[in-house]
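The structure appears right after this line, and notes come after that.
What follows draws every value from the coordinates through simple rules; no lab data is involved. These figures come from a predicted structure and were not determined experimentally. All Cβ positions, even for glycine, are placed from backbone atoms using ideal geometry, and neighbour counts span all protein chains on display.
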Amino acid sequence: MSDRLDDPRRDEALQTAARALARSARVAVFTGAGASKESGIPTFREPETGLWARYDPMRLATPEAYRDDPPFVWSWYEHRFGVAAAAQPNPGHYAIAELEHLLPQVVVITQNIDGLHQRAGSSHVIELHGTMHSFRCIDGRHRGFGWDDFADQDEKPPRCPACGDYLRPEVVWFGEGLPPDALDAAQRLSASCEVMLIVGTSGVVYPAAAIPMIAREAGATVIDVNPERDSLTRLCDVFLQGAGGEVLPELIAAVRAHLGA
Ligand code: APR
């Protein structure tokens, strides 16, 4: 389907998606790095511009990499977090947040660690891959430290205020399990939602990528928003080709129209 705004097939797909959402009592919105792309935060796997196209994830996003060279890995995350901290939610984030005010229950399940859904006003967000806004000591005994808890430290990486070990971000690295409570909540929601709206994920990293399959197998209507066809498009009922910041405001306006809101 073309992403030309005047393509009748595109409008038909948009209306189909809007009708399904308008009728739904429980919606899960599953997002990946593409949802934050228009906020200026790079994705991971896009050719040339993706983070993993330019850097080696195995040298940066694993517990072994951090133990081998804590200052190097810390500087990488400090750079990424600086980019994300300067970023603002984009129209796609705000459209998702607005959905909460139109429908009985909307929960965001995100793979992103930037916190932009919350800053846009989404109040129910499950962070499957952790967050850049919380830190723990390297063996996990002390958790929940914020940036302010080590702002006075010059050493990089900073030290745990409780035990003096290095701090690390509470993000999920390759080879690590997802936070059990977050994964369980996401799986339960996916098995009971009526519609799953997928935005901006390549759908290649498991177990997160299995979330839409759970929804599909439970009979939910699955909608995919992405400029490109991705690994999940094949299992979707509706594919809305385009950038989230452009498609989502249109989609939510169509939902509002269906609701007469
Ligand atoms: N709007 C919506 N989607 C977009 C946009 C946009 N403006 N721009 C790009 N995309 C799509 C791309 O086409 C791609 O399908 O976003 C997707 C980004 O895919 P990835 O870079 O693989 O990001 P993601 O799916 O979130 O990766 C999953 O992998 O490295 C780990 O922990 C990391 O959470 C991440 C996980």
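With Kirkwood's inverse mean 1/r over C-alpha pairs for Rh, give me the Rg to Rh ratio of segment 126-261, two decimals please.
Result: Rg/Rh = 1.10.
So if each residue of separation counts as 0.36 nm, and I subtract the Cα-Cα distance between residue 176 and residue 162, what length gain in nm does that give? Numbers along the way, then the final one.
On the way: separation 14, 0.36 × 14 = 5.04 nm, distance 2.37 nm.
My answer for the length gained is 2.7 nm.
Give the Rg/Rh ratio for segment 40-138, taking Rg as the radius of gyration of the Cα atoms and Rh as the Kirkwood radius, to two decimals.
Checking Rg against Rh, the ratio lands at 1.02.
Treating the Cα atoms of the chain as identical point scatterers in vacuum, please give the log10 of the normalised Debye intensity I(q)/I(0) at q = 0.12, 0.13 Å⁻¹, two decimals.
Values, matching the q order: -0.71, -0.82.
Each label point is 7 Å from the Cα along the Cα-to-Cβ direction; what then is the distance between the points at residue 56 and residue 124, in nm?
Rounded to a tenth, the inter-label distance reads 4.4 nm.
Given 20 °C and 1.002 mPa s, how large is the Stokes-Einstein diffusion coefficient of segment 72-125 in µm²/s, with Rh as the Kirkwood radius over Cα pairs?
On the way: Rh = 12.2 Å.
Result for D is 176 µm²/s.
Report the antiparallel proportion of the DSSP beta bridges in the chain as a percent, rounded to a multiple of 5.
Details: 6 of 29 bridges.
Here the share of antiparallel DSSP bridges comes out near 20 percent.
List 58, 132 from most exposed to least, where exposure is judged by having the fewest other Cβ atoms within 10 Å.
Ordered by Cβ neighbours within 10 Å, fewest first: 58, 132.
If we count other beta carbons within 10 Å of each Cβ, what is the order of 163, 137, 236, fewest first?
Details: 163 11, 137 19, 236 22.
Going from sparsest to densest Cβ surroundings: 163, 137, 236.
Working out 0.36 nm times the residue gap between residue 154 and residue 184, then minus their Cα-Cα distance, what length gain in nm do you get to one decimal? Spell out each step's value before the answer.
Working: separation 30, 0.36 × 30 = 10.80 nm, distance 3.81 nm.
Using 0.36 nm per residue and subtracting the Cα-Cα distance, I get 7.0 nm.
Specify the inter-centroid distance of segment 22-38 and segment 191-211, based on alpha-carbon positions, in whole Å.
What the calculation gives is 9 Å, centre to centre.
Given the Cα-Cα distance of residue 261 and residue 217 and 0.36 nm per residue of separation, how much length would full extension add, in nm?
Values: separation 44, 0.36 × 44 = 15.84 nm, distance 3.12 nm.
Result: 12.7 nm gained on full extension.
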